[in-house]
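Taking it in order: structure first as structure tokens, then the write-up.
The values are calculated or read from the model by the stated rules, or taken from the named source; none is laboratory data. These numbers were taken from a predicted model, which means no experiment stands behind them. Reconstructed Cβ throughout: ideal geometry from the backbone, glycine too, with neighbour counts over all protein chains shown. Remember, those area values only see protein heavy atoms, side chains included, never the ligands or the DNA or RNA. Shrake-Rupley method; radii C 1.70, N 1.55, O 1.52, S 1.80 Å.
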2 protein chains.
Amino acid sequence: MTNGKVTARQKILAAAAEVSRDVGPAHLSLDAVAQRAGVSKGGLLYHFPNKAKLLEALVEYHLNLFDDALCEKDKELQGKPNSLLAAYLELFMVDLEQCQPPPSGILAAMAENPGLLAPVKRYNRTLLDRMKAGAQSESAALIIYLALEGIRSQRLFDVDVLTPDEQRKVLTSLGEIAAAKA
Amino acid sequence: MTNGKVTARQKILAAAAEVSRDVGPAHLSLDAVAQRAGVSKGGLLYHFPNKAKLLEALVEYHLNLFDDALCEKDKELQGKPNSLLAAYLELFMVDLEQCQPPPSGILAAMAENPGLLAPVKRYNRTLLDRMKAGAQSESAALIIYLALEGIRSQRLFDVDVLTPDEQRKVLTSLGEIAAAKA
DNA sequence: TTGACAATACCGTCCAGACGGTACAGTAAA
DNA sequence: TTTACTGTACCGTCTGGACGGTATTGTCAA
């Protein structure tokens, strides 16, 4: 799990996200995921005993991907005030340039059973709390959190409406709000 | 269409949204929708020749519900500067008190085929443009738009993380940003 | 005014295909 | 010998949607 080798498990999870993107979250089938991952269906079921468990793991997978990226950025900015908030903001700046695929597995999980998003809720709450803890102004932290959540959701749904230019402007404005002292 | 009578069509669309909430977006079946609407499956298929058309109409239905509510609030606040932006903000204040069900039909449409959200994208863009047109500061409009989008998406996914108190604070802060002059 | 026909708004049934999941025998590396 | 699979065969269920029928209402020529 902690070595550099790409495990079958990881391949399957990545494949599931791709299939969800390709055929629509509601049409994610175990057959298609196994095929995409280059694994037999029996092999898939060996790692994930049923679809619910696969989707559960898929949510965790995306959460970890995001958290890893955030923590890495946080370390880069260590020492600065509000490093987490700044890291979160920068994450979106980077994404703007080299746009990564959205965490489509989340959508598949939600489509199957909205209750599977409970870990997302927990993660988001702790993220918000950490942001609030580091910020001078509570409402600034709340606004930034929500605005970034807005960007994330638009990407997730692929209903991105802001131009890259607008997105840059918002991000810098939010940065100013973060830096401002009440 | 313009009379007060609740048509079978409308009953079916409302039923579809309810079913989506109840069984999960991916498990919205025509049978279940027909049953919930008090209509036979044949009757449903008469109004919507296939599932895709039903979901297409469902997206439009939710968009109209939202737009009607927004326009009504806008009229109430007519004359004031930034009336649209203020109306949008107030809509969330009202929703906070008497929480309405989320537009779950949108999720069903997205689960089936993300492309069905294209009208949402178009609507959002015009909404943003109207907000920008009425605002003194572009970045203020962008931030408010995104933050509200953040709230909407959290509700839609049922991963609402903010306490009612926090939500009130954000909404009033956003109101101040809207009112502030650069 | 009436009889013929057509459009509207459904109902109830049936079916092919897809999907989740099981079972099990085999295999190759560690 | 255990772990980690592959491959095949299969079952039961669900679902979209096609189809044929029906009741009601409207239209319009004779």
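Could you give me the residue pairs with C-beta distances under 7 Å whose first residue belongs to segment B:139-153 and is among the charged types (D, E, K, R), whose second residue is surrounded by fewer than 24 Cβ atoms within 10 Å (Cβ to Cβ) wherever it lies, and which are 6+ apart or on separate chains?
Sorted first by the residue in segment B:139-153, then by its partner, the pairs are B:Glu149/A:Ser153; B:Glu149/A:Gln154.
For A:Leu91, only one of the following conditions fails: (1) free of Cβ contacts under 8 Å to residues at least 24 places away in the same chain; (2) out of contact with any Leu (no Cβ under 8 Å at 6 or more places or on another chain); (3) away from DNA strand C (no atom under 16 Å from the Cβ). What is its number?
Answer for A:Leu91: the failing condition is (2).
Given the condition under 26 Å from A:Leu89 (Cβ atoms) and out of contact with any strand residue (DSSP E or B) (no Cβ under 9 Å at 6 or more places or on another chain), answer yes or no: does some residue in segment B:91-104 qualify?
Among the residues of segment B:91-104, at least one is under 26 Å from A:Leu89 (Cβ atoms) and out of contact with any strand residue (DSSP E or B) (no Cβ under 9 Å at 6 or more places or on another chain), which makes the answer yes.
Do we have B:Leu84 as over 19 Å from B:Leu148 (Cβ atoms), more than 13 Å from the chain's Cα centre (by Cα) and of a type outside the set (Gly, Ala, Ser) here?
no
Sort out which residues of segment B:148-161 are outside any helix (DSSP H, G or I) and more than 7 Å from chain A (Cβ to nearest Cβ), and write them in order of number.
B:Asp160 - this is the single residue of segment B:148-161 that is outside any helix (DSSP H, G or I) and more than 7 Å from chain A (Cβ to nearest Cβ).
How about segment A:133-160: which of its residues are polar (S, T, N, Q) and in contact with a Phe, Trp or Tyr (Cβ under 9 Å, 6 or more places away or on another chain)?
A:Ser153
So is A:Asp165 part of a helix (DSSP H, G or I), among the acidic types (Asp, Glu), open to solvent by 30 Å² or more (accessible area, probe 1.4 Å) and more than 7 Å from every other protein chain (Cβ to nearest Cβ) or not? Lay out the reasoning, then the answer.
Numbers: part of a helix (DSSP H, G or I): yes; among the acidic types (Asp, Glu): yes; open to solvent by 30 Å² or more (accessible area, probe 1.4 Å): yes; more than 7 Å from every other protein chain (Cβ to nearest Cβ): yes.
Here the answer is yes, as A:Asp165 does meet what is asked.
Give just the number: which of (1) more than 29 Å from A:Thr172 (Cβ to Cβ); (2) within 9 Å of chain A (Cβ to nearest Cβ) does B:Tyr145 not satisfy?
Among (1) more than 29 Å from A:Thr172 (Cβ to Cβ); (2) within 9 Å of chain A (Cβ to nearest Cβ), the lone unmet condition for B:Tyr145 is (1).
Kindly list the number of the only condition in (1) within 16 Å of DNA strand D (Cβ to nearest atom); (2) away from every other protein chain (no Cβ under 14 Å); (3) hydrophobic (A, V, I, L, M, F, W, C); (4) more than 24 Å from A:Lys121 (Cβ to Cβ) that fails for A:Val23.
Unmet condition: (2).
Which members of segment B:26-56 meet the condition of being within 6 Å of DNA strand D (Cβ to nearest atom) and either more than 14 Å from chain A (Cβ to nearest Cβ) or not hydroxyl-bearing (Ser, Thr, Tyr) (or both)? Don't jump to the end; show me each part of the working.
First, pick out the residues of segment B:26-56 that are within 6 Å of DNA strand D (Cβ to nearest atom): B:27, B:29-31, B:41-42, B:45, B:50-51.
Answer for segment B:26-56, where residues must be within 6 Å of DNA strand D (Cβ to nearest atom) and either more than 14 Å from chain A (Cβ to nearest Cβ) or not hydroxyl-bearing (Ser, Thr, Tyr) (or both): B:His27, B:Leu30, B:Asp31, B:Lys41, B:Gly42, B:Leu45, B:Asn50, B:Lys51.
Of the residues A:Glu56, A:Glu60, which single one is in contact (Cβ under 8 Å) with a residue 24 or more places away in the chain and touching a Leu at 6+ places or on another chain (Cβ under 8 Å)?
Going through A:Glu56, A:Glu60 in turn, the sole match is A:Glu56.
Being surrounded by fewer than 17 Cβ atoms within 10 Å (Cβ to Cβ), out of contact with any helix residue (DSSP H, G or I) (no Cβ under 7 Å at 6 or more places or on another chain) and among the basic types (Lys, Arg) is the filter here; which residues of segment B:113-162 pass it?
B:Lys121, B:Arg122, B:Arg125
Filter segment A:57-69 down to residues that are within 14 Å of chain B (Cβ to nearest Cβ) and either among the charged types (D, E, K, R) or within 14 Å of DNA strand D (Cβ to nearest atom) (or both), then give me how many there are.
Of the residues in segment A:57-69, 0 are within 14 Å of chain B (Cβ to nearest Cβ) and either among the charged types (D, E, K, R) or within 14 Å of DNA strand D (Cβ to nearest atom) (or both).
Given the structure, is B:Pro103 under 22 Å from A:Gly24 (Cα atoms) and more than 9 Å from chain A (Cβ to nearest Cβ)? Give the steps one after another, and end with the answer.
Numbers: under 22 Å from A:Gly24 (Cα atoms): yes; more than 9 Å from chain A (Cβ to nearest Cβ): yes.
Yes; evaluated as a whole, the condition is true for this residue.
Looking at (1) within 14 Å of chain B (Cβ to nearest Cβ); (2) open to solvent by 40 Å² or more (accessible area, probe 1.4 Å); (3) more than 14 Å from DNA strand C (Cβ to nearest atom), can you tell me which one A:Pro81 breaks?
The number of the failed condition is (1).
Which ones in segment B:26-67 are assigned to a loop (DSSP other than H, G, I, E, B) and either open to solvent by less than 50 Å² (accessible area, probe 1.4 Å) or hydrophobic (A, V, I, L, M, F, W, C) (or both)?
Selection gives B:Leu28, B:Ser29, B:Val39, B:Phe48.
Could you check how many residues of segment A:70-115 are more than 19 Å from A:Glu18 (Cβ to Cβ) and in a helix (DSSP H, G or I)?
23
Checking A:Ala14 against (1) part of a helix (DSSP H, G or I); (2) more than 12 Å from DNA strand C (Cβ to nearest atom); (3) within 14 Å of chain B (Cβ to nearest Cβ): exactly one of these is not met. Which one?
Failing condition for A:Ala14: (3).
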